[in-house]
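Asker: Below is one structure. I have some questions about it.
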Amino acid sequence: MRELSLGLIMNADLPFSIFSDPYFEQLVWLLDPQVADQVPWSRQSMSRKLDEVYNSKKSVVRQELQDGLTKIHLGFDLWTSPNRHAIMAVTAHFLDRQGHHQVRLLALRRQLGSHGGENLAVTLLEVVDEWQIQDRIGCVVLDNATTNDCCLQHLYKTIDPEMRPADIRARRMRCYGHVLNLVARAFLYGEDFETFEAESQVYGLLSRQEEDLRHWRKKGPIGKLHNVVKFIRSSPQRSELFKKVAHENDEAQGFRLAAESTAELEVVMNNDTRWNSTYLMISRALLKQGDIRAFFIHPDVEGSLPQEDILTADD
């Protein structure tokens, strides 16, 4: 019961104090007093239980890694947490004793200092040593950053000083998803899309809105759609009016009860932090295209968007 309670907190991203809520406590007592006696109500109890479960499950995963039929192939990436900490996530891929493919998260480790290859290798080696898989490492899947080449040089040379550079390169697997993302972004925005994004960010910081609109407009239909979405989302008043227009559209079209209304759905702005954000922007715009057309002929909006940004049938 305690382990399931902890699992609920982890899976739903709830605070440790969730079971201290008086209404939740009364609900459990009402359903089954015997079960209520097993629930770790205090946040201190849950915190202690977390350590117990983590250590217990870690032993199970460590044994799985040791018993696996194959080498342990790693993947890692870095991102910034909401509290501005650099975090390295490390995953292991292998076949277990039954020959089934398994994926295990080995670490969410804070990355201190620079993100240079040698420093990344230090963090990665700490994880490898902690899980005692130094002699089981196979390939490593990474994105195309040049620092990752340096990281793997240090990693493999530390594990096996006799390993040749050619063998290290053979074990460096490039992330297929990252390659596809680079190709898609180049197709949509041109080869120098990082400079394009940087220029757009500068215009935003300097509040040079007209220049940013022209900047995006150069990218054709995708850029024009970006400007349309930005216009709709630029103020709470416009967002509210957009929803109002969408609801009026539903009523005018005699929206079927059996169908799910899309009136409450927002238009989606693309950004450079999500690989598929442009796809999501286009997909949502196609779903909401009737509402978008109605919005721009509304008396409070008509004529406000530059004519150059109006999407045509060809777009």
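The values are calculated or read from the model by the stated rules, or taken from the named source; none is laboratory data. Note that this is a predicted model, so its numbers are computed, not measured. No Cβ is skipped: glycine too gets one built from the backbone with ideal geometry, and neighbour counts run over all protein chains shown.
Asker: In the range 11-26, what residues are over 13 Å from GLN44 (Cα atoms) and in contact with a helix residue (DSSP H, G or I) (Cβ under 8 Å, 6 or more places away or on another chain)? Break it down stepwise before answering.
Answerer: Kept after step one, since they are over 13 Å from GLN44 (Cα atoms), are these residues of the range 11-26: 11-14, 21-26.
Correct list: LEU14, PHE24, GLU25.
Asker: Right, here's the next one. Which one is farthest from the chain's Cα centre (by Cα), of the residues in the range 144-183 that are loosely packed, with under 14 Cβ neighbours inside 10 Å and closer than 30 Å to SER277 by Cα?
Answerer: First pass over the range 144-183, keeping only residues loosely packed, with under 14 Cβ neighbours inside 10 Å: 144, 146, 161-162, 164-167, 169-170, 174, 176-177, 179-180, 183.
Restricting the remaining residues to those that are closer than 30 Å to SER277 by Cα gives 144, 146, 174, 176-177, 179-180, 183.
On the way: ASN144: 18, THR146: 22, ARG174: 19, TYR176: 16, GLY177: 13, VAL179: 17, LEU180: 16, VAL183: 19 Å.
My answer is THR146.
Asker: Would you pick out the residues in the range 138-158 that are under 24 Å from LEU95 (Cα atoms), assigned to a helix (DSSP H, G or I) and touching an Asp or Glu at 6+ places or on another chain (Cβ under 8 Å)? Write out each step before concluding.
Answerer: Within the range 138-158, the first condition is being under 24 Å from LEU95 (Cα atoms), and the residues that meet it are 138-143, 152, 155-156.
Among the residues that remain, those that are also assigned to a helix (DSSP H, G or I) are: 152, 155-156.
Correct list: TYR156 only.
Asker: Given the options ASP291, ASP300, name the one that is outside any helix (DSSP H, G or I), modelled with pLDDT of 80 or more and not polar (S, T, N, Q). Give the derivation first.
Answerer: On the way: ASP291 fails: outside any helix (DSSP H, G or I).
Of ASP291, ASP300, the one residue that is outside any helix (DSSP H, G or I), modelled with pLDDT of 80 or more and not polar (S, T, N, Q) is ASP300.
Asker: Answer yes or no: is there a residue in the range 24-36 that is surrounded by 12 or more Cβ atoms within 10 Å (Cβ to Cβ), modelled with pLDDT of 80 or more and in contact with a Lys or Arg (Cβ under 8 Å, 6 or more places away or on another chain).
Answerer: Within the range 24-36, not a single residue is surrounded by 12 or more Cβ atoms within 10 Å (Cβ to Cβ), modelled with pLDDT of 80 or more and in contact with a Lys or Arg (Cβ under 8 Å, 6 or more places away or on another chain).
Asker: Considering only the range 268-288, state which residues are in contact with a Leu (Cβ under 8 Å, 6 or more places away or on another chain), of a type outside the set (A, V, I, L, M) and in a helix (DSSP H, G or I).
Answerer: THR278, ARG284
Asker: Just one of LEU112, LEU125, LEU95 is aliphatic (A, V, I, L, M) and either within 23 Å of the chain's Cα centre (by Cα) or in the same structural domain as ASP13 (by TED's automatic domain parsing) (or both); which is it? Full working, then the answer.
Answerer: Details: LEU125 fails: either within 23 Å of the chain's Cα centre (by Cα) or in the same structural domain as ASP13 (by TED's automatic domain parsing) (or both); LEU95 fails: either within 23 Å of the chain's Cα centre (by Cα) or in the same structural domain as ASP13 (by TED's automatic domain parsing) (or both).
Result: LEU112 is the single residue among LEU112, LEU125, LEU95 that is aliphatic (A, V, I, L, M) and either within 23 Å of the chain's Cα centre (by Cα) or in the same structural domain as ASP13 (by TED's automatic domain parsing) (or both).
Asker: For residues that are without any contact (Cβ under 8 Å) to a residue 40 or more places away in the chain and under 22 Å from THR70 (Cα atoms), tally how many sit in the range 129-152.
Answerer: Here the count works out to 5.
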